[in-house]
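The values are calculated or read from the model by the stated rules, or taken from the named source; none is laboratory data. None of the values given here were measured: they were computed from a predicted structure. Glycine gets a Cβ as well: all are built from the backbone with ideal geometry, and neighbour counts include every protein chain shown. Heavy atoms of the whole protein, side chains included, go into the accessibility calculation; ligands, DNA and RNA do not. Shrake-Rupley method; radii C 1.70, N 1.55, O 1.52, S 1.80 Å.
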Amino acid sequence: MTNNLRADDVFAPLQLRSGQVLPSRIAKAAMEEGMAGAGQVPDDRLINMYRRWGAGGTGLLITGNVMVHAEALTGPGGIVLDAEAPLDPFVRWAHAGKAAGARMWMQINHPGRQVQANMPGVVWGPSDIAVDIGSQSKRFGRPVAMTHPQIQDTIARFVTTAQRAEQAGFDGVEVHAAHGYLLSQFLSPLVNSRTDAWGGSLENRARLLVEIVRTIRTMVSPGFAVAVKLNSADFQRGGFDADDARKVIALLEPVGVDLIEISGGSYESPAMTGRPTDGRTAAREAYFLDLAADLAKTSTLPLMLTGGISRRDTAEQVLANNVAMVGMGTALAVTPDLPLRWREGQGATDALRPITWKNKQLASAASMAMVRYQLRRMANGDNSSPRVRPAWALVVDQLVQRRALRNYTRWLASRHNPATSVGV
């Protein structure tokens, strides 16, 4: 493929090993939208929002979490695509995002132990080690260690969701193995204390991720992209670190991965919001650039960096460090047409109000609530309101979550007992 753009130009195309071509180096990274409609599927709000992003000049749109297991959601407003889900809402979602020429990938995920304590369903982990966020720890359920059949069933669920995503018209999937969710839990020596084939050495701890990716790759068409979101580090003493990330990237290379998205942190150390408990993110923008640039020196797979990027010069600095793609989340929640504005020499319209709270976990929760506040406004056709106060956004988000929990609880009960679905 020939073009007149440098590889460090944000508008240069990128060809992946599957043959798929991304029209630019700018991606809308996944955000936790929590906006499922009735039946835990996308409705007009999500469809309108992705159509707006696609029209805003972004080359690749990666959806927020789509859950592979109906009984295990990262939040009550989560989208579910499993063997029983109706496909038409997903067809409409993919079509809307791709209407202006963007590629659209579905991020697929299982929360593992990071499930709210008030949620119905299951709380699983590689081991029975609970989330530890100090005084807020009781917000999460107590996990049980997964059995071998449950692990095999989980592999099958990821594969089913990937296959159905392709059937719906998505261009690829991104397997979420970061931010403390299930696959990240298996990778972590602090969370995975298993002594069988799924624990112990890094190769064993990575086995679940590698098997999921390997099987997806064999079950989808060759041109369908398969990506992985991976922590550069989890920013906890004795945990998953950059050397581990380098080795996992090497393990993923032979099984057909197209792209590795580099992020970092978890609920226990929320570096993905710029607030790790040990203070080692590099800067206000491009939190993980130093780690990603170091990983790029040895990676044979193209890398994508996400975390705090909002300016074109920062994005080009990322690309100049041999990182192939730039992912943006919050910046596109505030300014959905930011790539088009970059083409015209303009910048973001505004930025979110900074949070200076001392409690890292509450600050992280407020930060995510502020982003979701912007997403809900965008989905309703309104402009962003970036100066919303963090405390207000958090209160509003809790009310939205409470309503979503009621809807999810009724829906899950109707799935278990179809006779109760009348009137739901």
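Within the range 301-322, the set of residues being at pLDDT 95 or above, in a loop (DSSP other than H, G, I, E, B) and either over 16 Å from Asp8 (Cβ atoms) or open to solvent by less than 10 Å² (accessible area, probe 1.4 Å) (or both) comprises Leu301 only. Among the residues of the range 44-72, just one is of a type in the set (S, T, N, Q), open to solvent by 10 Å² or more (accessible area, probe 1.4 Å) and either touching a strand residue (DSSP E or B) at 6+ places or on another chain (Cβ under 9 Å) or free of Cβ contacts under 8 Å to residues at least 40 places away in the same chain (or both), namely Asn65. The set of residues in the range 1-58 that are hydroxyl-bearing (Ser, Thr, Tyr) and either in contact with a helix residue (DSSP H, G or I) (Cβ under 8 Å, 6 or more places away or on another chain) or modelled with pLDDT of 95 or more (or both) comprises Ser18, Ser24, Tyr50, Thr58.
Within the range 122-136, the residues that satisfy the criterion of being of a type in the set (Gly, Ala, Ser) and either modelled with pLDDT of 95 or more or loosely packed, with under 15 Cβ neighbours inside 10 Å (or both) are Gly125, Ser127, Gly134, Ser135.
Of all the listed residues (Leu183, Leu190), the sole one being within 19 Å of Trp124 (Cβ to Cβ) and out of contact with any Gly (no Cβ under 6 Å at 6 or more places or on another chain) is Leu183.
Given the structure, is Arg415 open to solvent by 30 Å² or more (accessible area, probe 1.4 Å), touching a residue at least 40 places away in the same chain (Cβ under 8 Å) and in contact with a Phe, Trp or Tyr (Cβ under 8 Å, 6 or more places away or on another chain)? Break it down into steps so the answer makes sense when it comes.
Working: open to solvent by 30 Å² or more (accessible area, probe 1.4 Å): yes; touching a residue at least 40 places away in the same chain (Cβ under 8 Å): yes; in contact with a Phe, Trp or Tyr (Cβ under 8 Å, 6 or more places away or on another chain): no.
The answer is no for Arg415.
Can you confirm whether Thr154 is within 28 Å of Asp241 (Cβ to Cβ) and polar (S, T, N, Q)? Lay out the reasoning, then the answer.
Numbers: within 28 Å of Asp241 (Cβ to Cβ): yes; polar (S, T, N, Q): yes.
So Thr154 fits the description; yes.
Annotation: of all residues in the range 386-413 being more than 23 Å from the chain's Cα centre (by Cα) and part of a loop (DSSP other than H, G, I, E, B), the one that is nearest to Met35 (Cα to Cα) is Val388. The single residue among Gln398, Gln374 that is of a type outside the set (Lys, Arg) and in contact (Cβ under 8 Å) with a residue 40 or more places away in the chain turns out to be Gln374. Among the residues of the range 372-393, is there at least one that is among the hydrophobic types (A, V, I, L, M, F, W, C) and under 23 Å from Ser232 (Cβ atoms)? No, the range 372-393 contains no residue that is among the hydrophobic types (A, V, I, L, M, F, W, C) and under 23 Å from Ser232 (Cβ atoms).
Assessment of the range 392-410 against the conditions (open to solvent by less than 30 Å² (accessible area, probe 1.4 Å), of a type in the set (S, T, N, Q) and at pLDDT 95 or above) yields no matching residue.
Select from the range 351-380 the residues that are more than 22 Å from Arg45 (Cβ to Cβ) and either open to solvent by 30 Å² or more (accessible area, probe 1.4 Å) or outside any helix (DSSP H, G or I) (or both) and list them in ascending order. Matches in the range 351-380: Ala351, Arg353, Pro354, Ile355, Thr356, Trp357, Lys358, Asn359, Lys360, Gln361, Leu362. Residue-level analysis places Gln150 outside the set of residues that are over 29 Å from Ile260 (Cβ atoms) and open to solvent by 10 Å² or more (accessible area, probe 1.4 Å).
Restricting the first member to the range 158-177 and to residues that are farther than 16 Å from Ser18 by Cβ and touching a residue at least 40 places away in the same chain (Cβ under 8 Å), and the second to residues that are among the polar types (S, T, N, Q) and surrounded by fewer than 20 Cβ atoms within 10 Å (Cβ to Cβ), the beta-carbon pairs closer than 8 Å and six or more apart or on different chains are Phe158/Thr215; Val159/Thr215. A single member of Pro13, Pro76 is of a type outside the set (D, E, K, R), open to solvent by 10 Å² or more (accessible area, probe 1.4 Å) and over 17 Å from Leu87 (Cα atoms), and it is Pro13. Considering the range 1-119, the qualifying strands (runs of 3 or more DSSP E), each wholly inside and each with 2 or more residues that are closer than 20 Å to Tyr181 by Cβ, run over 26-28, 103-109.
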